[in-house]
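Encoded as structure tokens, the structure appears first; notes follow it.
The values are calculated or read from the model by the stated rules, or taken from the named source; none is laboratory data. Predicted, not measured: the structure shown is a model, and the values here were computed from it. Positions of Cβ are generated from backbone atoms using ideal geometry, with glycine treated the same way; all protein chains shown enter the neighbour counts. Accessible surface is based on the protein model in full, side chains and every heavy atom, while ligands, DNA and RNA are left aside. Shrake-Rupley method; radii C 1.70, N 1.55, O 1.52, S 1.80 Å.
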Amino acid sequence: MVPDSTRSEGADARRTLIQDWLSRELGMPPERLEPASSDASFRRYFRAFRNGSTFIVMDAPPEKEDVRPYLKVTQLLESLGAHVPHVHETDVARGLLLLEDLGGIQYLSRLNNGGDAERLYGDALRVLADIQVRGQQAAAELPPYDREPLARELGLMPEWFLRQHLGLELSAAETQMLAAAFEFLILEALAQPAVFVHRDYHSRNLMVVGDRNPGILDFQDALRGPIGYDLVSILKDCYISWPRERVVRWVKGYRELLYSLGGEAGRDEVEFLRWFDLIGVQRHIKVLGIFSRLWYRDGKSGYLRDLPLTLEYVRDACARYAELGDLARFLELRVVPELPRANGRVAASAS
């Protein structure tokens, strides 16, 4: 893990750099500069207040993050009419961007406070369908979400979740079983129609805004890949869950929307739901690894509380498809009993 002292020293230097950039180079010294958010990467965001207006400054240390993919995907999404933060100023060499402020109301907070889920999800799904159907040319400019990234992401789970977090030592048979399950998931993903994939289209990256809702964040890792991926990200969200019946209804409605717009929607509802469920297993297996790595490598423990829901998504989907029966049994016997103990150990060490 990165020592806190090293983090704070680097962060203080970057904040001074931001103040200087705004004041001297852009001629807009802020009245105040407040932390807006951070994410699972090394990026941070500050809200700059000036003359009754606010802007967001993205701070992306260039030795850790490259802002050029963000700028490219911003342009692609803006061309499709999606409401992403408009870029006002850039300093690519120093990793600084001055962005439109989309406010501070995440979908997650609005939903947790009783917001109208049907309206909020309706807005988000209409925008997603528009991106997927109208964005074929834009998607062609993105790297492919092909075998290599799919396999790399799946490999995070055995390394960081099973071994590092749960402390499991896998037998040869278990290792072989995981390899077979992962290969099945990769082949299923590659069989889906390829579209523009945001990759993190969920309630923490969708902002409630008055104009062209939702505002969309954290899209810089976009790829061209499986049509069900972003749908899983929002409807099987790692931070909030909905009853299966409601999710299936939303999935069916989304398929009808795609069809009405001339998009690919599968042979029937069964095939489309299979696409949705199986790419969800790939995504959530990846997330189990990423959330664990964020603690053991990066010192960010907050994501561990979201492991139980993420694991439940994997368990539920595996139980619905015979091809994943061996993986389902492994999870029930070896993983489910260990997760509470592992999370408890981290909580005890942090207290």
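For the reader, a short list of remarks on this structure follows.
- Restricting the search to helices (runs of 4 or more DSSP H) fully inside the range 206-306 and requiring at least 1 residues that are open to solvent by 10 Å² or more (accessible area, probe 1.4 Å) and closer than 29 Å to A319 by Cβ gives 244-260, 269-296.
- In this structure, E34 does not qualify as farther than 21 Å from R199 by Cβ and part of a loop (DSSP other than H, G, I, E, B).
- Number of positions in the range 165-201 that are in contact with a strand residue (DSSP E or B) (Cβ under 9 Å, 6 or more places away or on another chain), among the hydroxyl-bearing types (S, T, Y) and surrounded by fewer than 19 Cβ atoms within 10 Å (Cβ to Cβ): 0
- Here the condition is being more than 30 Å from D123 (Cα to Cα) and touching a residue at least 12 places away in the same chain (Cβ under 8 Å); of P69, P30, it holds for P30 alone.
- Just one of the listed residues (L162, L150, L142) is open to solvent by less than 40 Å² (accessible area, probe 1.4 Å), of a type outside the set (G, A, S) and outside any helix (DSSP H, G or I), and it is L142.
- Residues of the range 284-318 that turn out to be more than 19 Å from P243 (Cα to Cα) and of a type outside the set (V, I, T), as a count: 18
- Tally of residues being closer than 20 Å to Y313 by Cα and either surrounded by 12 or more Cβ atoms within 10 Å (Cβ to Cβ) or of a type in the set (D, E) (or both) across the range 331-351: 9
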